[in-house]
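The values are calculated or read from the model by the stated rules, or taken from the named source; none is laboratory data. All values derive from a computational prediction rather than experimental measurement. Because the Cβ atoms are built from the backbone with ideal geometry, glycine has one as well, and the counts that use them run over all protein chains shown. The protein model used for the area step is the full one, side chains on, heavy atoms only, and it has no ligands, DNA or RNA in it. Shrake-Rupley method; radii C 1.70, N 1.55, O 1.52, S 1.80 Å.
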Amino acid sequence: MPAPDSSSVPLPLIFGPFDPSGASHLPIDAVICAGLGAHAGSVATAIHVQDTAGTETIQRLTPDLIDDQARCLLEDMAIGALKIGPQYDPETISTLAQIAADYSALPLVLQLSAPPPVSDLEDLDPEETVGALLELLVPQAHIVVVDARLPEQWAGQGLLSSARADDPIGALHEFGAPLVLCCNAALGPGLNGLILHAQEQPGSRWPWPTPRVRTGDAESLLATVLCCLLARGLDPAEAVPQAVATATALLERHFHPGMGQRILLHAAP
């Protein structure tokens, strides 16, 4: 079989925590990318100690190490898009924001999520971390992927613009996010799905399977698939419907490898 032309292989670069169980984030993002014909570069921003039941501890990596590793890859490879997964502290967020600003021509998929309840993060001020996400990364994101309940939670805590407290998605638009893809959003009585909120444009809705695995996996999966499609050259609005269809199919395959929860299965059938 002839080797593929290197210029035709999409190269997404993914920033996020390392999950040693393979349930989410790194390294499973690289497996998802490979299944979509892309080759992922990875920059670990934290290392989890966890299993299929949950996260026990988190070791955050230093901003200097994160910056060095990211720029080493960005200066060497023709990266086509960026994905930033869950981040836990303002210093790391500031470092990532500067990298994104220096490579602003690359489309950025930002996954927003609440941190796991572990003692390692108790010394951090949640308001400062959320504020850094909203002020430094959301304005640079081409698309934000988030559980619909999280912006509502932030609004209730007074972390979003007080003028838009009754419209959390509108507040994210005000911070600069042109597209917000909400998971687990209410489509009707007893029916949840996905809603794409486009600033000053009609949105789109899709049904979404009831999660039978860790719900965070679905958001991470969507963000990773989107990053691959953007790295392939698709426009964000064009990439979202394709990502939804692809991720919906991938959600159907899961297994029970340990004593905790079922996780998504990305191995070849």
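Some observations on this one:
- Residues in region 232-255 that are assigned to a loop (DSSP other than H, G, I, E, B) and touching a residue at least 60 places away in the same chain (Cβ under 8 Å) were compared, and the one that is farthest from S24 (Cα to Cα) is G233.
- Hits in region 102-123 - residues which are part of a helix (DSSP H, G or I) and under 17 Å from D29 (Cβ atoms): none
- Lone qualifier among E135, E152 - being closer than 21 Å to A100 by Cβ and open to solvent by 60 Å² or more (accessible area, probe 1.4 Å): E135
- Restricted to region 156-197, and to residues there that are hydrophobic (A, V, I, L, M, F, W, C), open to solvent by 20 Å² or more (accessible area, probe 1.4 Å) and out of contact with any strand residue (DSSP E or B) (no Cβ under 8 Å at 6 or more places or on another chain), the residue that is nearest to A243 (Cα to Cα) is F175.
- The residue list A78, A53, A70, A23 contains one member that is crowded, with 17+ Cβ neighbours inside 10 Å and either more than 17 Å from the chain's Cα centre (by Cα) or closer than 22 Å to A97 by Cβ (or both), which is A70.
- Single condition Q69 does not satisfy, out of (1) in a helix (DSSP H, G or I); (2) in contact with a Cys (Cβ under 9 Å, 6 or more places away or on another chain): (2)
- Apart from one condition, P116 fits all of (1) buried (at least 22 other Cβ atoms within 10 Å of the Cβ); (2) touching a residue at least 60 places away in the same chain (Cβ under 8 Å); the exception is (1).
- A residue that is in contact with a strand residue (DSSP E or B) (Cβ under 6 Å, 6 or more places away or on another chain), in a strand (DSSP E or B) and without any contact (Cβ under 8 Å) to a residue 40 or more places away in the chain can be found somewhere in region 136-152.
- Pairs, first among the polar types (S, T, N, Q) and at pLDDT below 95 in region 176-189, second surrounded by 17 or more Cβ atoms within 10 Å (Cβ to Cβ) and in a loop (DSSP other than H, G, I, E, B), C-beta under 6 Å, six or more apart: N184/A148
- The residues in region 32-43 that are surrounded by 16 or more Cβ atoms within 10 Å (Cβ to Cβ) and under 14 Å from A267 (Cα atoms) can be counted, and the count is 3.
- Among the conditions (1) more than 13 Å from the chain's Cα centre (by Cα); (2) modelled with pLDDT under 95, the only one that S113 does not satisfy is (1).
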